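Everything below concerns the one structure shown next.
Just so it is clear, none of the values below were taken in a lab; they were calculated from the coordinates. Every value quoted in this text rests on a predicted model; they were computed, and no experiment measured them. Positions of Cβ are generated from backbone atoms using ideal geometry, with glycine treated the same way; all protein chains shown enter the neighbour counts.
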């Protein structure tokens with residue numbers, strides 16, 4: 001499957017295209033402080049955050065999860081743009097990927113996701129930017145990938161590449177019927193074997209090389 005020519009490139013956001021964990025951690029810790037819970041480090045957040053807030057907060061905060069949500073979003077809104085930075089090599093990937101329709105599918109709330117893409121000047125690369133709450137369900141459900149493809153005027157098939165850094169991303173890709181592509185070693189998520197991608201790139205640099213080769 002490594003020789004597959006893609007028709008569409010879809011990307012996860014956090015830890016795939018950008019590093020925004022400082023802002024996410026600060027917002028989580030604001031909510032934790034309000035409930036007397038132990039704060040997380042940035043490494044904790046990177047290792048534990050997978051599903052969307054509406055899917056994770058009820059288990060974390062019980063019946064008061066909506067109050068925790070409001071604290072999180074108030075804190076996050078105040079500083080997320082100053083905290084988000086590109087992952088190494090990603091700007092070059094997006095330039096190489098411009099040979100195909102590109103989009104983002106993330107479990108970050110859609111309104112914040114689109115603000116971050118615009119802040120980085122990357123909205124010009126993407127024909128679809130789908131975040132948590134935009135589709136009927138969030139990843140690992142297939143719905144957000146299908147929504148992004150609908151916005152791009154495409155349908156799901158193995159020529160669509162969905163790229164991410166976690167096993168959950170690979171699960172979502174498989175559920176949607178598209179090619180699951182892992183970027184990085186997934187050391188924060190039990191490794192490559194656990195993620196079980198169709199295709200694995202060790203880094204954004206390796207992905208860029210492949211895209212440049214396929215575009216020729």
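Data overview
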item: Mean-position separation - Cα centroids, the range 184-204 and the range 162-181, in angstrom; result: 11 Å
item: Degrees between helix 204-215 axis and first principal axis of the chain (Cα, 0 to 90, nearest 10); result: 30 degrees
item: By average C-beta atoms within 10 angstrom, highest first, the peptides 68-80, 170-182; result: 170-182, 68-80
item: Rounded tilt (10° steps) of 65-83 against the dominant C-alpha axis of the chain; result: 60 degrees
item: Approximate spin-label separation residue 194-residue 56, in nm, with each point projected 7 Å along Cα-to-Cβ; result: 1.5 nm
item: Average Cα contact separation per residue, the chain, under 8 Å, 6 or more apart, as relative contact order %; result: 24 percent
item: Percent breakdown of C-alpha pair distances by 10 Å bin, ordered from the shortest bin, for the range 68-151; result: 16, 45, 34, 5, 0
item: Rg ratio (alpha-carbon, reference 2.2 N^0.38 Å) - the range 21-83; result: 1.01
item: Label corresponding to Cα extents along the principal axes in Å when calculated from the structure given, among [x] 55, 32, 31; [y] 42, 37, 29; [z] 76, 32, 27; result: [x]
item: Residue with peak Gaussian network fluctuation, the chain [Cα springs, cutoff 10 Å], from 140, 58, 101; result: 58
